[in-house]
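The values are calculated or read from the model by the stated rules, or taken from the named source; none is laboratory data. Please read these numbers as outputs of a predicted model, since none were measured by experiment. Cβ sites come from the backbone with ideal geometry, for glycine too, and all protein chains shown count toward neighbours.
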Amino acid sequence: MSNAIPLKNQVIWLTGASSGIGEALAENLAPLCTHLYISARSAEKLSHLENAFSNITAIAADITDEASLAAAVAQIQSEAGRLDTVIANAGTCEYVDVNQFDTALFRRVLETNVLGLVNTVGAALPLLKQSERGYIVGVSSSVAMLAMPRAQAYGSSKAAVTHFLESMKADLTPLGLDVSVVSPGFVKTPLTDVNDFPMPMRITADQAAKEIVKGLRKRTWHIHFPKRFTFILWMLGNLPAFLRHRITAAMSRSTTNTQQESK
Ligand SMILES: NC(=O)c1ccc[n+]([C@@H]2O[C@H](COP(=O)([O-])OP(=O)(O)OC[C@H]3O[C@@H](n4cnc5c(N)ncnc54)[C@H](OP(=O)(O)O)[C@@H]3O)[C@@H](O)[C@H]2O)c1
């Protein structure tokens, strides 16, 4: 977007900066922007970043707790006087076992990934509207492109995030705000380190952060990577339903076999 504020003039708030993609993004963004506010549930896990960069401030905030997000925004307003970009990155992942269907698991994943992201955007919006050109970035996932086995909770949470952001874009573009959705493929982080299935084309958190920064500079609507992976997933997701279902059922069978072999 031509009249977007350059990164170097921006005050940015990034959630989920204590590990993985958020931590790498903080390290990549801090040297490029005016001031970076970072948050996670515990400020202790953010102190190494705060100590490493003079323009980083760490704030403890739980995205499932609206009061703690309101306090974070109040701190940003009183210290920086403005907020230009929010990057709602914090999230969680749990996979479903259809033989032990657990509705509490759905509640946990949707509470954090969907309502937590909505809470973050809601808290930041009044300040973003006062910015010269406010910018909302939400981290979804490439899983939203294809309904994959065991992703009933995580996949539906990320599909909801993508839909939410696109709908926000419809209403905010006329008000002069920009919105982007980020759809990573597999990225090596504590979140994927526990996965017990193959993760093709997995990249490092630093590579993911660099792709995101590239997208943030241009305010690209859909920031997705690695491109070869997201292209394949997008193609599969757009196949006729009967073909798509054959492929995902085969994936489910092979995942079950892998799990049984590793036991
Ligand atoms: N890794 C991948 O392959 C991949 C692929 C697609 C999408 N994503 C998405 O990318 C984002 C980052 O994931 P990651 O892989 O970097 O995972 P990660 O290393 O587990 O980091 C998750 C971050 O979210 C924070 N967080 C979790 N729940 C929170 C809560 N209730 N309130 C505040 N902060 C909370 C964590 O901080 P604390 O626990 O310290 O509070 C941590 O900083 C997530 O939205 C994830 O779904 C990841």
**OP:** Test Ser54 against the criterion of being assigned to a loop (DSSP other than H, G, I, E, B), in contact with a Lys or Arg (Cβ under 9 Å, 6 or more places away or on another chain) and free of Cβ contacts under 8 Å to residues at least 40 places away in the same chain, and give yes or no.
**Re:** no
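Could you tell me whether any residue of the stretch 6-21 is assigned to a helix (DSSP H, G or I) and under 27 Å from Ser156 (Cα atoms)?
Checked the stretch 6-21: at least one residue is assigned to a helix (DSSP H, G or I) and under 27 Å from Ser156 (Cα atoms).
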Original post:
Does Arg41 satisfy the condition of being more than 23 Å from Thr162 (Cβ to Cβ), of a type in the set (D, E, K, R) and within 15 Å of the ligand (Cβ to nearest atom)?
Top reply: yes
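Which of the residues that make up the stretch 5-28 are aliphatic (A, V, I, L, M), under 19 Å from Thr120 (Cα atoms) and within 13 Å of the ligand (Cβ to nearest atom)? Quick ask: steps written out before the conclusion?
Kept after step one, since they are aliphatic (A, V, I, L, M), are these residues of the stretch 5-28: 5, 7, 11-12, 14, 17, 21, 24-26.
Next, only the ones that are under 19 Å from Thr120 (Cα atoms) stay: 11-12, 14, 17, 21, 25-26.
Listed by number, the residues that qualify are Leu14, Ala17, Ile21, Leu25, Ala26.
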Subject >> Exclusive hit being closer than 22 Å to Glu166 by Cβ and over 15 Å from the mean Cα position of the chain (by Cα), set Arg202, Arg217 >> reply: Arg217
**OP:** Answer with yes or no whether Ser2 is modelled with pLDDT under 95 and more than 16 Å from the ligand (Cβ to nearest atom).
**Re:** yes
**OP:** Among the residues of the stretch 76-128, write down those that are away from the ligand (no atom under 11 Å from the Cβ) and within 22 Å of Leu32 (Cβ to Cβ).
**Re:** Ile76, Glu79, Ala80, Gly81, Arg82, Leu83, Asp84, Thr85, Val86, Ala124, Leu127, Leu128
Original post:
Across the stretch 22-37, what is the number of residues that are farther than 16 Å from Ile212 by Cα and outside any loop (DSSP other than H, G, I, E, B)?
Top reply: 2
Original post:
Within the stretch 80-99, is there a residue that is touching a residue at least 40 places away in the same chain (Cβ under 8 Å), in a helix (DSSP H, G or I) and within 22 Å of Leu29 (Cβ to Cβ)?
Top reply: yes
Original post:
Which numbered condition trips up Asn55, out of (1) farther than 26 Å from Val161 by Cβ; (2) within 13 Å of the ligand (Cβ to nearest atom)?
Top reply: (2)
Original post:
For Pro31, which of the numbered conditions (1) surrounded by fewer than 19 Cβ atoms within 10 Å (Cβ to Cβ); (2) within 10 Å of the ligand (Cβ to nearest atom); (3) modelled with pLDDT of 95 or more fails to hold?
Top reply: (2)
**OP:** Pairs only if they're at least six apart or on different chains, beta carbon under 9 angstrom, first in the stretch 107-133 and of a type in the set (Asp, Glu), second assigned to a helix (DSSP H, G or I); list them, first residue then second.
**Re:** Glu132/Asn9
